Amino acid sequence: MTTISTSSPNAEISSERLLTRTEVEEIFGFPTKRYLEIAAMGEEGPPIVRFGRTVRYRVGDLRGWIAAHRVEGESGSDRD
């Protein structure tokens with residue numbers, strides 16, 4: 001398992017580094033690789049870098065996408 005801090009702008013991992021879907025899942029805590037596959041097809045997910053059939057994600061793009069989807073003032077307890 002890869003352990004990389006993503007909590008600050010000065011995190012250990014370079015914003016330019018390209019990650020596989022598995023690495024994105026492990027590092028950023030996405031629920032499944034399948035979510036990223038479906039989101040990429042519907043253009044709803046984070047930006048991708050494509051090399052033929054190979055898909056990668058820039059760390060900087062992931063951080064920006066996560067920040068853009070942050071919802072403040074909402075707690076998980078009122079979702080019942």
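The values are calculated or read from the model by the stated rules, or taken from the named source; none is laboratory data. Here the structure is a predicted model, which means the values were calculated and not measured. Every residue, glycine among them, receives a Cβ derived from its backbone with ideal geometry; neighbour counts consider all protein chains shown.
Would you please name the residue that is surrounded by the most Cβ atoms within 10 Å (Cβ to Cβ), looking only at residues in segment 29-55 that are modelled with pLDDT of 90 or more and out of contact with any helix residue (DSSP H, G or I) (no Cβ under 6 Å at 6 or more places or on another chain)? Outline the logic, then answer.
Of all residues in segment 29-55, those modelled with pLDDT of 90 or more come to 46-55.
Subset that is out of contact with any helix residue (DSSP H, G or I) (no Cβ under 6 Å at 6 or more places or on another chain): 49-55.
Values: 49: 12, 50: 9, 51: 8, 52: 5, 53: 5, 54: 10, 55: 15.
Once the filter is applied, the top-ranked residue is 55.
Close contacts from segment 42-62, counting a first residue that is without any contact (Cβ under 8 Å) to a residue 40 or more places away in the chain and under 12 Å from residue 20 (Cβ atoms) and a second that is of a type outside the set (A, V, I, L, M) and part of a strand (DSSP E or B), with Cβ to Cβ under 9 Å and a gap of 6+ residues or different chains, come to 48/56; 48/57; 48/58; 49/56; 49/57; 49/58; 56/50.
Counting only residues that are at pLDDT 90 or above and touching a helix residue (DSSP H, G or I) at 6+ places or on another chain (Cβ under 6 Å), which one in segment 1-21 is surrounded by the most Cβ atoms within 10 Å (Cβ to Cβ)? Filtering segment 1-21 for residues that are at pLDDT 90 or above and touching a helix residue (DSSP H, G or I) at 6+ places or on another chain (Cβ under 6 Å), the one surrounded by the most Cβ atoms within 10 Å (Cβ to Cβ) comes out as 21.
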